[in-house]
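All remarks here apply to the structure that follows.
Any read-out appearing in this document is the output of simple, stated calculations on the displayed coordinates, not a laboratory observation. If you're wondering where the values come from, they're calculated on a predicted model, not measured in any experiment. With ideal geometry, Cβ positions are generated from the backbone for all residues, glycine too; neighbour counts draw on all protein chains shown.
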Amino acid sequence: MTGGPREPGADPAPGGADAAPGGTDAGPRTGDGFQTMWRDLARIGRHAPSGGYRRHAWTPADADCRAWFRAQAAARGLAYETDRNGNQWAWLGDPAAGDAVVTGSHLDSVPDGGAFDGPLGVVSAFAALDALHARGARPRRPLGIVNFTDEEGARFGLACVGSRLAAGQLAPADARALTGADGVTLAQAMERAGQDPDAIGADPERLARIGAFVELHVEQGRALDLVGEPVGVASAIWPHGRWRFDFRGEANHAGTTRLEDRRDPMLTYATTVLAARKKARLAGALATFGKVAVEPNGVNAVASLVRGWLDSRAPDEETLAAVVAAIEQAAAERGARDGVRVGVTRESFTPVVEFAHELRDRLAALLGGGAPVPVLPTGAGHDAGILSAALPTAMLFVRNPTGVSHSPAEHAAEDDCAAGVSALADVWEGLACR
Ligand code: GLV
Ligand code: MN
Ligand code: MN
């Protein structure tokens, strides 16, 4: 095939994977195992009209992804377990021996997400294990593959729930109470999916078995494309968080209420969105209102409540705090003029992550074979970032020529996926087989 990994015969994704060029004819190939896994997974949770994926935690699509993971483990004779938080693990060797080298990522998606964010890391992990066997390498340490549950937080609003719980960074009661737009709590959703919500919580013994966790991920920008390299190593993750802005005004008739008599929260919201963009630009940060809910949500009614979720990220925590404070202030000032009450709730925060230098440098040396490997920071959150507080973690990025992510246009060419698999196998071989 000449395109990147994708479901053969799939509807063309608008501007997306099917539109992007594939690898060179002479370049390395991912192999049948990778392609078969990719094709099987590509069928799950795809929303044909958008071409994107809707694999939200504890939904039927998620269950299908989880069944796929389990089947991959079984097909390779790996020991399979689901932990108390619903994370899935596949093991070669006895994890109780400790000092395991684990790789993997997540299989859930944002609403109408791309095919690669998460699944590339999981599929590449199984393919790397196959490659390791083909090389005849003999692991001296246990090898693990993981699918962390609910990484994107698309359904319950908080990202990296599975890894946060395992690392003791999320109180079980807070997790159970997380509620989706449909009114279903995380506890109810887990129960319906056959996972005991009363069992969730910190899992230090499980994490203590892991000597290193290396997450492979599609790059969510164009840094690798710009330097012409297929694979890079992560240096850091920007601090980031989610804030809920509640703009409360007064519902009223759109046809009879004079403009000067209105208390319209939509105005305050709109002004805040523009202010967020400006404050972020001035500070070299990022600020996004990507989700909004309106009450009563009628065409001919002034809104009574606009709820907007701000996602903000910056190179350092001081800058992030200053940007969010400036956005809050802009909202409050405009709210005072509009007769709108503004309430802000921080729903999550992830501090800056500086990946363990020793492991990062080791990876760079293993992959480069003497040549320098790109080392780059990212503004995206990852389970590897959450776990970095508990154990040595690192990340590999695979080139994404579109630079687009959280969209069906996200892409990686087949040759680059093959380079990622080979890099993961090199990492396993270098860390666990010598
Ligand atoms: C996860 O992809 C995030 O960065 O929000
Ligand atoms: Mn993501
Ligand atoms: Mn991801």
(message) Using a Förster radius of 35 Å, what is the FRET efficiency between Glu205 and Glu318 based on their Cβ-Cβ separation? Nearest 0.05, please.
(response) 0.45
(request) Kindly provide the helix-only [θ] at 222 nm of the chain, computed as the sum of -39,500 (n - 2.57) over DSSP H runs of four or more divided by all residues, to the nearest 500 deg cm²/dmol? (result) -10500 deg cm²/dmol
(message) Please report Rg (one decimal) and Dmax (integer) in Å for the Cα set of segment 96-164.
(response) 14.4, 44
(message) Quick check for me: using +1 on Lys/Arg Cβ and -1 on Asp/Glu Cβ, what's the dipole size of the chain about its Cα centre, in debye to the nearest 20?
(response) 440 debye
(message) Give me the net charge for the shell around Ala394: Cβ to Cβ below 9 angstrom, other residues only, Lys and Arg +1, Asp and Glu -1.
(response) +1
(request) For segment 103-115, just list the computed ³J(HN,Hα) in residue order, Karplus coefficients 6.51, -1.76 and 1.60, θ = phi - 60°, integers in Hz, with x standing in for Gly and Pro. (result) 9, x, 6, 9, 10, 7, 9, 6, x, 6, x, x, 7
(message) Net charge around Leu129, counting only other residues with Cβ within less than 12 Å of its Cβ (Lys, Arg = +1; Asp, Glu = -1)?
(response) 0
(message) Taking 2.2 N^0.38 Å as the expected size of a compact globular protein, what ratio does the Cα radius of gyration of the chain give against it, to two decimals?
(response) 1.02
(message) Could you give each residue of segment 74-89 its phi-based ³J(HN,Hα) in whole Hz, using Karplus coefficients 6.51, -1.76, 1.60 with θ = phi - 60°, and x for Gly or Pro?
(response) 5, 4, 9, x, 7, 6, 10, 8, 10, 7, 5, 9, x, 6, 9, 10
(message) Let me check I've understood the local charge: for Gly232, count other residues with C-beta under 9 angstrom from its C-beta, Lys and Arg +1, Asp and Glu -1. What total comes out?
(response) -1
(request) Give me D for segment 48-196 in µm² s⁻¹, whole number, from Stokes-Einstein with Rh from the Kirkwood sum over alpha-carbon pairs, 10 °C and 1.306 mPa s. (result) 99 µm²/s
(request) Report, please, the projected area of segment 240-350 averaged over directions, based on the convex hull of its C-alpha atoms, in nm². (result) 6.4 nm²
(request) With unit charges on the beta carbon (Lys/Arg positive, Asp/Glu negative), name the residue among Leu78, Pro95, Pro60 whose Cα is farthest towards the positive pole of the charge dipole of segment 54-110. (result) Pro60
(message) Counting other C-beta atoms within 10 Å, and keeping those with at most 16, which DSSP coil trypsin sites (Lys or Arg not before Pro) do you find in segment 219-268?
(response) Arg222, Arg258
(message) Projecting each Cα onto the charge dipole of segment 240-350 (Lys/Arg +1, Asp/Glu -1 at the beta carbon, about the Cα centre), which of Ser348, His253, Ala321 comes out farthest on the positive side?
(response) His253
(message) Using the Karplus curve 6.51 cos²θ - 1.76 cosθ + 1.60 with θ = phi - 60°, what ³J(HN,Hα) values do you get for each residue of segment 120-126, in whole Hz, with x for Gly and Pro?
(response) 4, x, 7, 4, 5, 5, 5
(message) Run the Debye formula on the Cα coordinates of segment 287-434, all scatterers equal and no solvent, and tell me log10 I(q)/I(0) at q = 0.09, 0.14, 0.20 1/Å.
(response) -0.48, -0.88, -1.34
(request) On a 0 to 90° scale, report how tilted helix 265-283 is relative to the longest principal axis of the chain, with both axes built from alpha carbons and the result rounded to the nearest 10. (result) 50 degrees
(request) Collect residues whose amide H, placed 1.01 Å from N in the peptide plane, falls under 5 Å from the amide H of Asn252; neighbours closer than 5 in sequence don't count. (result) Val302
(message) Quick check for me: using +1 on Lys/Arg Cβ and -1 on Asp/Glu Cβ, what's the dipole size of segment 240-350 about its Cα centre, in debye to the nearest 20?
(response) 180 debye
